[in-house]
Structure formats: C-alpha cells, structure tokens
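A short write-up of the structure that comes next.
The values are calculated or read from the model by the stated rules, or taken from the named source; none is laboratory data. Note that the structure is a prediction, hence the values are computed from the model and not measured. Cβ sites come from the backbone with ideal geometry, for glycine too, and all protein chains shown count toward neighbours.
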C-alpha cells in the first residue's frame, strides 16, 4: 500500500497504482493536516469572510456574493456546469493516475476539503470505480477544470463511470461498489477540480514510459549498428567526455557495452572511414533526448507532489490566499519538450531502418532485406509505415504551450494548453514505440542475413528475444502481424532485462 502525504510520491508509484492497481491510503499526518485546513474553512464561513469560490462565484463571477444558504448548491453547480468535456474517454490508467494525483495534492492539507469527501474518492480508486473522463476540453488554466469535473460527477451521483468492465451511470456504479455518494460542502467542488492533475497524470505516465524506452532505443540501435558493421570508435569514451552532456555520455557507454565482443562491428572497419550520422551520432541524438526526458521527469516529479488549487488555506497563519498555482505552464513547456525529445528518437530510428533496407546504403545486404527481391517486396513498405509515423510525430510535436486563448470574459486571459501538450506527448510516445518496433524487426532480419553467430553477447540476447516471437521472413507474409509482435516486445518487459542479464544494468 502507498500512504499519501502529498510530498514523496514517485513516478514509479504512479505507474504501479495506475496500471497494477496498487492499494492507496492517506497517512496519519496528512489526515491531521486535512482536518486543520477544513477547520479554517468552517471558521471563515462562520465569520462571513469573503473568500473566492466559497462565498463568491467563479471566474468572472468572482465579484458575485453567494448567500450562506446557497454555498453547497454552488459547489454542485460548479461540477455540473464545468463538466463540458468532449472526445474519447481517457484510458483507464490515465484516469487512475488522475484520481491518485488529486488525492495526493489534497493530502498536503492546503485545500480545505473534508477528509470524508477524500475517502469517497479514495474508495473509488481502490475499488475500481473509474469516472469516464473525456480527453478534450481543458485549457490547462485554471488547471484542468473540465476533465476534473467529470472525475467528480460520479462522486455526487452524476455522469458515467466504468466498473467491473461496464460503463454505468455514476450513481449505479457507486451503488454497485457500495460507495455512498457525497453532498459537497463549502469549497469542496473547487478543491476537487482546480488543479493540474489531468495534464500531469497523462504526462507523468508518458515520462515514465519514455524513461524505460530510452534503454530499448539504445538496444535496437546497437542491433542496427552490428547489421551495418559500424565503427565503434565513434562511441569512444574520450570523444563524449569532451562535450560533457550527461545523456550523450550515458548513451555512448551503453553502446560500448552492448557492442562489446561483436565480430560484426569494430573500432576500425576495412574500407570504411566513418559511418553515416544516424549510426555515428547515436550518442549525440539519443543523448540529447535523454537529457530532455530527464528534464521532463524532474518537472513531473515535482508536480505530482505539488499543491495546485486556489484559493489555498494556510492554517498556521490563519490565511486564505488566492494565487495561480493551477496554471499549467510549467508542465506545458515540459511536456512539449518531452514530445519533441521522443519524436527525435523515432526520427533517427526511421533513418536507420532506411539504411537497412536501401541496397545503396545497407552494407551489401539484399534490397529491402528479402533474398528473392522482385517476387517479394520484403521490408519495403515496413519502412513506409515508419516514415508515416515519423511525419505524424512532426505535426504532433508542434508545441501547444506557445498558444493561448482568453476565457471567462478575459479574466483568465492566458492559459497553458498543458493538457494538450501532455496528450500529444503520449501519442508521440506510442508512434515512437511503433517506429522502434519496425527497426527491431528490420535489424533482426538483417542480422539473420548477416550471421547471428557474430553478434555481441548483449545484442545476441536481444536477437533471441525477438526470435522467440518473430521469425526471419523468408518470403512475403502479412507484415503487420509481425510488426505488432515487435511492438509488444518494445512496449513489454522482456527485452531490457534479457540484455542486462548479459551486459549489466544499462544507463
């Protein structure tokens, strides 16, 4: 079980809760902090204080006073009116991550929500009641109001939720799971939806997957290096130390270890002066993406433990302060950068695939990696598919964070588009995994034609994982079926451990 306190949740724990249904609780310290914060809200309400979202309307309506008798109705109206999402539902793992991150932020005790209301959301997460959250509709400031409102709807008996494989009316899903719905008290609707948890959840899962994919990209690239009899001198430690970028140094070390013992690649190759950029510059290209992914991981790690709603309750100072922590700009920039970095891994992977299939570039391998070209097309169109995915990534990599559009009668006159940035990064990630799968497929074919007995021990381990599922292609076959098997290898948890069992843990 993970006990939330709002301060030390990790990306790995987010992935475990989102994808493996790890149980979650609220720490005792967090419970005390939540109680202190709520006491301030009740005190201020009793004193008739004017507080945004508690005794006033929202957005441009911040100057409208709300009578004490209407405070609870105000919170319910907020949720219903803000649930304006559109598009396909977010995947279940993203929804679970959203719920987890909102609970974690509320656990810090600066939001004024009741512990009982948080327990309702916690029970939904632990029992598998997953609100249906449309993927589109958020401007990323004031936070993720629209999708988070959809998260709250089943809590109040509205909207839709998925439970035990069926999409049900929210009230029915809650009843089947034996979770009572709630009547939101003062400030609770705002506390639940005013934050960056949707963009952060989607982006954090993409970051986590990108961190895992870095190693896979290096392994697949090393296989292509061997199929192309690359010169390993380009990966010499001295070369990369002179430039000093951590990602570049780490990637070069990976390649040296992956290629150690190869009889296809060597420091010098007779008749060759140097390799093409897509081979020779793998550390520089992969390394730059590594550094960018690392930046995004740092930003996401901070944000999953951040308090991002408004107004904030400071019990020790007896203050309620309106600020702008809900603004998604820090994550918008990070996730745009993440998408660009991941896209470049696909870009260079496709170029290596092109070298493998092109008879003018592929080190005397058969054209399109088929022994009987003409009758067979071999890997000709597999490269087309990779090129298509790369071109789609180029469009998706256009930054969302440079855009803004005013809302709420220009009260909210600059927004981040951070949720769009996160969703784009997640889609770029999927495309890049597919491009790497195609390179893995082609590299394996090239190695079969060249001689797998000459591989380095580490790349031989990778080759053996591939061949357990995907045979050498002797004659034309239905290619997408084999490509999907390769994609499962790239996305799965067998390739990297098999290689690391031979060469040690990769960077």
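So which residues in the stretch 98-131 are more than 15 Å from residue 193 (Cα to Cα) and under 23 Å from the mean Cα position of the chain (by Cα), if there are any at all?
The answer is 122, 124, 125, 126, 128, 129, 130.
Mind checking which residues of the stretch 368-403 are part of a loop (DSSP other than H, G, I, E, B) and crowded, with 17+ Cβ neighbours inside 10 Å?
Filtering the stretch 368-403 for residues part of a loop (DSSP other than H, G, I, E, B) gives 370-372, 374-375, 377-379, 397-403.
370, 378, 379, 397, 399, 400, 401, listed by residue number.
Among the numbered criteria (1) in contact (Cβ under 8 Å) with a residue 40 or more places away in the chain; (2) outside any loop (DSSP other than H, G, I, E, B), which single criterion is violated by residue 54?
(2)
Within the stretch 409-503, considering only helices (runs of 4 or more DSSP H) that don't extend past its boundaries, which have at least 2 residues that are closer than 20 Å to residue 257 by Cα and in contact with a helix residue (DSSP H, G or I) (Cβ under 6 Å, 6 or more places away or on another chain)? Walk me through how you get there before you give the answer.
Values: elements: 418-450, 457-469, 479-491, 495-503.
The qualifying helices (runs of 4 or more DSSP H) are 418-450, 457-469, 495-503.
Would you check which residues across the stretch 248-287 are more than 28 Å from residue 501 (Cβ to Cβ) and surrounded by fewer than 19 Cβ atoms within 10 Å (Cβ to Cβ) and list them?
268, 269, 270, 271, 272, 273, 274, 276, 277, 280, 281
Restricting to the stretch 379-393, count the residues that are more than 14 Å from residue 439 (Cα to Cα) and either in contact with a strand residue (DSSP E or B) (Cβ under 6 Å, 6 or more places away or on another chain) or in contact (Cβ under 8 Å) with a residue 60 or more places away in the chain (or both).
So the count comes out to 0.
For the stretch 32-58, which residues satisfy the criterion of being within 19 Å of residue 116 (Cβ to Cβ) and crowded, with 17+ Cβ neighbours inside 10 Å?
33, 34, 37, 38, 40, 41, 45, 54
Does residue 93 fit the bill of being modelled with pLDDT of 95 or more and either exposed (fewer than 15 other Cβ atoms within 10 Å of the Cβ) or part of a helix (DSSP H, G or I) (or both)?
So residue 93 passes the test.
Can you name every one of the strands (runs of 3 or more DSSP E) wholly within the stretch 131-206 that holds 2 or more residues which are touching a residue at least 40 places away in the same chain (Cβ under 8 Å)?
Working: elements: 134-136, 160-163, 166-169.
Here the list reads 134-136.
Could you identify the single residue in 77, 104, 126 that is part of a helix (DSSP H, G or I), at pLDDT below 95 and either touching a strand residue (DSSP E or B) at 6+ places or on another chain (Cβ under 6 Å) or over 27 Å from residue 401 (Cβ atoms) (or both)?
Numbers: 104 fails: at pLDDT below 95; 126 fails: at pLDDT below 95.
The unique qualifying residue is 77.
Kindly indicate whether residue 497 is over 27 Å from the mean Cα position of the chain (by Cα) and at pLDDT 95 or above.
Numbers: over 27 Å from the mean Cα position of the chain (by Cα): no; at pLDDT 95 or above: yes.
When the stated conditions are applied, residue 497 does not pass them.
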